[in-house]
Amino acid sequence: FTDQGIRDVKQTTERAKVLTAAGQRLGIKVKDIYWTLGAYDAVLVADGPDDEAITAWTLGAGSLGNIRTQTMRAFSADELNKILAKLP
């Protein structure tokens with residue numbers, strides 16, 4: 001959380017619902033949200049139509065001031081096999 005986000009921490013799950021709805025408008029499906037202990041306050045697993053939609057969504061979420069995002073692009077086995085096939 002940011003300083004702002006932790007001050008209003010009791011609204012966390014409600015903000016997650018708003019974030020999920022915003023993602024749906026961009027064609028993004030939130031698969032799971034986990035609130036965690038440690039360096040990261042939450043981990044969210046989502047699938048979207050393209051990297052641009054995910055980027056717009058996370059930038060929008062961060063611009064509200066409650067969270068900082070870190071996005072990690074994940075690859076399925078099929079996607080990774082296509083990448084590996086391009087190696088010399």
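Can you say whether residue 6 is out of contact with any Lys or Arg (no Cβ under 7 Å at 6 or more places or on another chain), within 27 Å of residue 76 (Cα to Cα) and either among the aliphatic types (A, V, I, L, M) or assigned to a helix (DSSP H, G or I) (or both), as far as the supplied structure shows? Against the criterion (out of contact with any Lys or Arg (no Cβ under 7 Å at 6 or more places or on another chain), within 27 Å of residue 76 (Cα to Cα) and either among the aliphatic types (A, V, I, L, M) or assigned to a helix (DSSP H, G or I) (or both)), residue 6 does not qualify.
The rows are residues; the columns are (1) among the aliphatic types (A, V, I, L, M); (2) at pLDDT below 95.
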residue	(1), (2)
4	no, no
13	no, no
25	no, no
29	no, no
39	yes, yes
42	yes, no
65	no, no
76	no, no
81	no, no
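Within region 24-70, the set of residues being closer than 18 Å to residue 3 by Cβ and either among the basic types (Lys, Arg) or buried (at least 16 other Cβ atoms within 10 Å of the Cβ) (or both) comprises 41, 61, 66, 67, 68. Which one of these does residue 4 not meet: (1) touching a residue at least 40 places away in the same chain (Cβ under 8 Å); (2) touching a helix residue (DSSP H, G or I) at 6+ places or on another chain (Cβ under 7 Å)? Residue 4 satisfies every listed condition except (2). Among the residues of region 32-75, just one is free of Cβ contacts under 8 Å to residues at least 12 places away in the same chain, outside any loop (DSSP other than H, G, I, E, B) and aromatic (Phe, Trp, Tyr), namely 34. Looking across 26, 59, 44, 37, one residue alone is over 18 Å from residue 73 (Cβ atoms), out of contact with any Lys or Arg (no Cβ under 6 Å at 6 or more places or on another chain) and aliphatic (A, V, I, L, M). It is 37.
The values are calculated or read from the model by the stated rules, or taken from the named source; none is laboratory data. These numbers come from a predicted model, not from an experiment. Because the Cβ atoms are built from the backbone with ideal geometry, glycine has one as well, and the counts that use them run over all protein chains shown.
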